[in-house]
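The values are calculated or read from the model by the stated rules, or taken from the named source; none is laboratory data. Everything numeric here is computed off the predicted structure, so don't read it as measured data. Cβ coordinates were reconstructed from backbone atoms using ideal geometry, including for glycine residues, and neighbour counts include every protein chain displayed. Note: accessible area is taken over every heavy atom of the protein model, side chains too, but ligands, DNA and RNA are not part of it. Shrake-Rupley method; radii C 1.70, N 1.55, O 1.52, S 1.80 Å.
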Amino acid sequence: MTPEEVFLKLVHGVADRDFAVLPELYAEQTDVRHPMHPYGDHPLLSRDALREHFGGVGPRVTEVVRFQPDNIRVHHTTDPEVIVAEFEYAGTILATGAPFRVPAIFVLRVRDGLIVESRDYLDHLAMIRARGQLEDLITHLREPAGAPATS
């Protein structure tokens, strides 16, 4: 698969809640980071770590919101392994029916059809707001530095 095909399988797989298949898009050893996450960037460095991530975070997200990728624009770079993908998750808050949008940019390195490196820049605050978890974030931000993350 090309980097663009892998990206499309990833974002559609997240939206379709295909959490068991998503880790298979990544190499055994990988480097996935969320540099802008308000709970801190906790690198995911293996397929097993991604399996745990998707199996834990995924269901908690999809029990309160539904979304699909929208406005996808993929930019190819001079490095054939690397793409920059701009998109939004456009969705609905299940409890209220209210719409929401979460802009994102992913920078992916795909080698032999598997993601070996990813930097996922997502409007985490918009997703936290949509999930109704602002108070949890505020509580976390008030914690002393070094306190364990809860989300």
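In this structure, the amide hydrogen of S46, modeled 1.01 Å from its nitrogen in the peptide plane, lies closer than 5 angstrom to those of T30, counting only residues at least 5 positions away or on a different chain. Using R0 = 22 Å, the C-beta based FRET efficiency linking A95 and Y39 works out to 0.45. In a reduced charge model with +1 at each Lys and Arg Cβ and -1 at each Asp and Glu Cβ, the range 9-151 shows a dipole moment near 320 debye about its Cα centre. The alpha carbons of the chain give a radius of gyration and a Dmax of 15.4, 45 Å, in that order.
In this simple spin-label model, placing a label point 7 Å from the Cα along the Cα-to-Cβ direction at both V107 and V82 gives a separation of 0.7 nm. Remark: the D70-H53 segment gains 3.8 nm on full extension, using 0.36 nm per residue and subtracting the alpha carbon distance.
Under 5 Å between amide hydrogens, built in the peptide plane, is the criterion, and for L94 it picks out V65, R66 among residues at least 5 positions away or on other chains. For the chain, which whole-number percentage of the solvent-accessible area (1.4 Å probe, protein heavy atoms only) is attributable to carbon and sulfur atoms? C and S fraction of accessible area: 54 percent. Here the 3J(HN,Hα) profile of the range 88-97, calculated from phi with Karplus coefficients 6.51, -1.76 and 1.60 at θ = phi - 60°, is 9, 8, 10, x, 9, 7, 4, 5, 10, x Hz, Gly and Pro shown as x. Tell me the accessible surface of R33 in square angstrom (1.4 angstrom probe, heavy atoms of protein chains only), to the nearest ten. Approximately 70 Å² of R33 is accessible to the 1.4 Å probe.
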